[in-house]
Amino acid sequence: MSQGHAEPPSTVVLEELAGWSEDLCRQELPSVLPQLLSKYQCSDNWNEHIRVLKMLTEMFLPHINHLALEQTFFSQVLPKTVKLFDDMMYDLSSQARELSSQNLELQATLRNILQSMVQLLGALRGCVQHVCTLQEPIVLENIHSLPSSVLHIIKSTFVHCKNSDSVYCGRLHLVSDLLQALFKEAYSLQKHLMELLDMVCMDASVIEEKDISDMASVIHSVLDICSVISGMDQAFHANTWKFIIKQSLKHQSVIKSQLKHKDILSALCEDILFSFHSCLQLAEQMTQSGTQDSADSKLFHKRVKLCRFFTNSLLHYTKEFLPFLSDSCCTLHQLYLQIHSKFPPSLYATVIPKAQEKEILGVFLVALDPLISQLLSFSPFVEAVLGDKLDISSELQLPQCLLLINIMDKLPSQPENVQSLWCQRNQYSEHKSRISLLEAIFYSFEQCSSELSLPTNLPEILSRGQAEVAITLYQYVCVHLCTFITSFHPSLFPELDATLLNAVLNSGMITSLLAMDIWCFLARFGTAELCAHHVFIIAHLIKSCPGECYQLTNLSVLLRRLLFLMDTHHQMEFIQRFPPTEVENLPLWQYVSFKAFSPELKSQTANEVTMIGIAQCKKWLSSRHTLGELESLNVALSALLTVCNSVNEALEMGQQVGVLEAVSPLWTILNAKQVSSQPCVQWTLSLLLPLLGFFIQTIEPQLISQVITLQTSLLKLDPPDHVRLAVLNFVSSLGKIFIPQAIQEKVLPSLPCIFTLLLNDKSWLIEQHTLEAFTEFAEGTNHEDIVPQCLNSEETKNKVICFLEKTRLVDETACARVARAKLEKGILNGHFVKAKVERESYWSTLQVRAFSLSENLKITKGHEVLLMVLNNKKYQIGTFTSHRTFFKVWLSLLFFTLEPFCIAQRQSKPS
């Protein structure tokens with residue numbers, strides 16, 4: 001056929017062309033190709049379409065110059081091919097629901113469409129294979145239309161195959177053979193396309209912007225295919241991911257800014273979690289069946305291998321593209337938490353055999369731990385982990401705590417700027433802030449209430465060269481925090497001091513206790529001068545605090561502990577700064593443990609506090625104060641009680657008599673109605689009762705009778721818990737004496753009433769203390785006949801017997817205990833979130849207020865300035881909204897005084 005030959009009738013031409021030789025096709029290519037392309041574009045018959053397409057790809061494509069492939073062939077053929085395939089897919093999908101074994105005509109139609117689709121894929125595979133055989137370097141510009149068209153058709157095919165159960169509505173068996181052939185053809189087509197793309201050259205010095213965009217588009221299209229085939233074929237899925245990672249890294253220098261890194265990372269993490277849960281599910285099935293079937297075992301190892309591939313891919317990709325992953329850090333953070341939540345010691349861990357658990361954990365520890373190391377210096381990751389988010393679910397709270405500890409353990413080997421990045425609270429945008437690592441650890445630790453109560457154990461090597469031992473979560477966090485402090489950079493110590501003080505003032509008891517333990521370690525690790533300085537600061541805080549609050553209680557506990565760590569010289573300085581002979585210091589000395597002092601100092605200070613306490617009590621009685629003005633009296637009683645608790649055996653007889661003489665008259669002005677209605681009077685009674693308990697051997701019988709009568713009346717009015725505890729303290733002390741005959745008729749019948757009422761208290765705390773107090777009374781009393789009268793029911797009797805025999809009333813299984821802990825955790829989460837919101841609200845408001853105060857008063861240094869602020873009438877305590885607010889202001893101001901001193905002290909320490 002010559003170049004000017006007019007186009008013959010289609011049937012004749014196609015039949016004639018079918019018999020042409022390779023040489024003839026090459027010779028007539030310029031004249032025939034345009035005619036065939038025209039016929040391909042204009043034909044409305046699917047069968048003829050496919051026939052022309054096969055003729056084009058098999059007979060004429062091999063003879064087209066590689067530089068002209070795109071312009072001459074692919075751009076002319078492939079758009080029509082894609083439209084043809086989409087039309088066939090539409091007809092197939094729209095008619096498939098009507099398929100049935102009775103409708104033979106529709107069955108034949110659908111099978112014909114599927115066969116045509118298989119042939120079309122085969123023709124495309126021929127195009128791809130031809131390009132692969134070229135000896136010339138492959139440039140995307142020369143095959144621009146091929147990858148995008150082929151990937152579109154491949155994805156459409158896989159989606160149809162994946163949804164075939166629902167598409168064919170239970171009639172899949174009528175076309176399953178052709179669907180299988182279609183899948184195989186698409187599989188083969190993608191495999192050859194990936195081989196082709198692997199041969200593409202992209203020279204950074206000459207590459208066109210369009211080629212860069214094309215390669216990025218190819219990777220994104222293959223990523224879309226990955227999401228389709230994830231549950232269809234594991235090996236194929238893994239190979240597809242291998243292609244994505246390989247091509248991304250291979251062309252990294254030219255396409256890194258074009259890639260959708262967030263989509264790639266999200267999909268990869270999603271597939272990691274899918275494979276991970278698949279491994280867990282299979283291991284769990286093996287546990288439930290109780291067998292180690294070889295087939296299940298092989299499948300398990302294959303899935304573990306797939307997990308290893310995915311995690312290594314993630315590690316490699318993250319390392320190479322880290323600067324582009326700022327919006328993927330939350331995904332990486334969640335991946336770490338979700339995986340670790342399924343392993344012990346998490347309460348939500350999946351129960352699987354130890355061998356399988358070790359194998360799975362080994363895979364993820366190998367990848368996830370280095371992943372954290374890679375991300376340490378990446379600011380967006382810091383913000384993702386420390387961002388002020390309150391919505392971490394219950395199962396992720398322990399993993400979050402352990403992640404923070406893991407990060408903290410890595411920081412000592414990092415430069416100062418990385419340590420600062422994690423350890424300093426940061427305001428990184430106008431409306432968004434993040435807390436410091438240490439703050440996050442305390443907050444996360446507080447959320448692990450259930451793990452602390454069980455308790456949860458973790459493996460730890462406490463000494464070099466020793467084997468691992470199981471320690472509680474509390475011990476684990478405490479040990480690692482203390483270890484971290486030893487390598488803390490000096491410039492960051494003000495952050496540490498501020499965080500510790502904030503944690504000590506926390507409403508959560510366990511969090512406050514942890515902060516105190518860390519603070520005491522810091523006092524031992526630091527210099528004696530630093531310890532003394534902290535004691536003086538805390539003492540000023542306590543002395544200036546108005547009224548009772550939990551923050552005051554926490555600070556007083558810390559003060560008592562730190563006093564034991566002071567050397568004698570600084571203890572003497574403490575006494576000189578806060579002389580116990582001065583009334584204004586009595587609010588401080590009520591919180592001091594005299595056992596911390598040397599024998600000489602203990603005796604001296606105890607005597608001085610006793611004298612001033614007695615004097616204050618007598619002064620109050622003589623001044624005719626009303627019961628509403630009890631603050632000074634309560635402080636004096638509290639100080640006397642502290643002395644008795646610390647050095648009761650060392651008090652001289654004259655001092656004991658003096659204390660009794662001071663407190664005995666107070667009983668004449670107390671009555672049950674006043675105590676039940678006035679909190680200040682309740683507090684007075686709560687101090688008087690244990691004080692009398694110390695001197696139970698020497699007090700007058702008539703006073704004992706008065707006290708018992710008041711207690712009996714008071715308990716009928718349902719007093720608060722701290723009053724009940726004080727009542728228990730006194731009645732248990734009665735077991736140490738013989739009740740005089742003169743008051744037996746009044747006292748002895750009342751004791752069973754008191755014990756019976758409190759043994760049946762609804763509060764488990766009161767019930768527990770009552771059991772302890774009753775046991776102490778019963779073991780010491782000379783009035784044995786009273787004991788059985790207190791046990792007036794079988795329930796109460798069994799309760800006491802179980803307590804004495806140390807047996808549980810309810811035998812709770814390990815699984816039931818964990819289930820209960822999970823339930824409690826869910827309830828407590830709401831409380832923690834609310835408390836966090838309140839703390840942050842106070843913090844943001846008071847930062848401004850504290851700054852204003854410091855500016856007005858030109859604060860420079862020295863804790864004396866703090867007293868100046870509080871003594872200034874313009875800033876009286878009453879102007880602040882609550883005790884919490886008061887302490888937040890203190891905390892903000894304290895930063896100004898601690899910072900220069902702490903840096904100087906730490907920098908002076910040898911490394």
- Item | Residue ranges of helices (runs of 4 or more DSSP H) in segment 130-220 with at least 2 members hydrophobic (A, V, I, L, M, F, W, C) and within 46 Å of the chain's Cα centre (by Cα) | 145-162, 176-198
- Note on the structure: Scanning segment 586-620 for residues that are under 43 Å from the mean Cα position of the chain (by Cα) and not aliphatic (A, V, I, L, M) gives 587, 589, 590, 591, 593, 594, 595, 597
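Identify all residues within segment 61-97 that are hydroxyl-bearing (Ser, Thr, Tyr) and within 51 Å of the chain's Cα centre (by Cα); write none if there are none. Outline the logic, then answer.
Filtering segment 61-97 for residues hydroxyl-bearing (Ser, Thr, Tyr) gives 72, 75, 81, 90, 93-94.
Once the filter is applied, which keeps residues that are hydroxyl-bearing (Ser, Thr, Tyr) and within 51 Å of the chain's Cα centre (by Cα), segment 61-97 yields 90, 93, 94.
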- Message: Quick check on my filter: what residues within segment 796-811 are modelled with pLDDT of 75 or more, out of contact with any helix residue (DSSP H, G or I) (no Cβ under 6 Å at 6 or more places or on another chain) and at negative phi?
- Response: 797, 798, 799, 800, 801, 802, 804, 805, 807
- Does residue 69 count as modelled with pLDDT of 90 or more and within 21 Å of residue 22 (Cα to Cα)? yes
- Task: Kindly provide the set of residues from segment 52-75 that are surrounded by fewer than 21 Cβ atoms within 10 Å (Cβ to Cβ) and touching a Ser or Thr at 6+ places or on another chain (Cβ under 9 Å), ordered by number.
- Result: 62, 64, 65, 70, 75
- Note on the structure: Every listed condition ((1) among the small types (Gly, Ala, Ser); (2) modelled with pLDDT of 90 or more; (3) farther than 20 Å from residue 549 by Cα) holds for residue 664 save (2)
- Is segment 76-90 home to any residue that is of a type in the set (Ser, Thr, Tyr), exposed (fewer than 15 other Cβ atoms within 10 Å of the Cβ) and at pLDDT 90 or above? yes
- Just wondering, is there one or more residues in segment 410-424 that are of a type in the set (Gly, Ala, Ser), surrounded by 15 or more Cβ atoms within 10 Å (Cβ to Cβ) and assigned to a helix (DSSP H, G or I)? yes
- Item | Of residues in segment 335-349 being more than 17 Å from residue 453 (Cβ to Cβ) and touching a residue at least 24 places away in the same chain (Cβ under 8 Å), the one nearest to the chain's Cα centre (by Cα) | 337
- Would you check which residues across segment 41-50 are surrounded by fewer than 21 Cβ atoms within 10 Å (Cβ to Cβ) and part of a helix (DSSP H, G or I) and list them? 41, 42, 46, 47, 48
- Message: Being acidic (Asp, Glu), assigned to a helix (DSSP H, G or I) and on the phi < 0 side of the Ramachandran plot is the requirement here; does residue 784 meet it?
- Response: no
- Task: Output the qualifying pairs, or none if there are none: Cβ atoms under 6 angstrom, residues six or more apart or on different chains, first residue in segment 350-371 and over 13 Å from residue 282 (Cβ atoms), second residue of a type in the set (D, E, K, R).
- Result: 363/308
- Kindly list, by first and then second residue, each pair from a residue in segment 108-127 that is farther than 12 Å from residue 153 by Cα to a residue that is outside any helix (DSSP H, G or I), limited to pairs with Cβ atoms under 7 Å and residues at least 6 apart or on different chains. 110/99; 110/175; 111/175; 114/175
- State the number of residues belonging to segment 747-764 that are modelled with pLDDT of 90 or more and assigned to a helix (DSSP H, G or I). 11
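The values are calculated or read from the model by the stated rules, or taken from the named source; none is laboratory data. Given the structure is predicted, the values throughout are model-derived calculations rather than measurements. All Cβ positions, glycine included, derive from the backbone under ideal geometry; neighbour counts span all protein chains shown.
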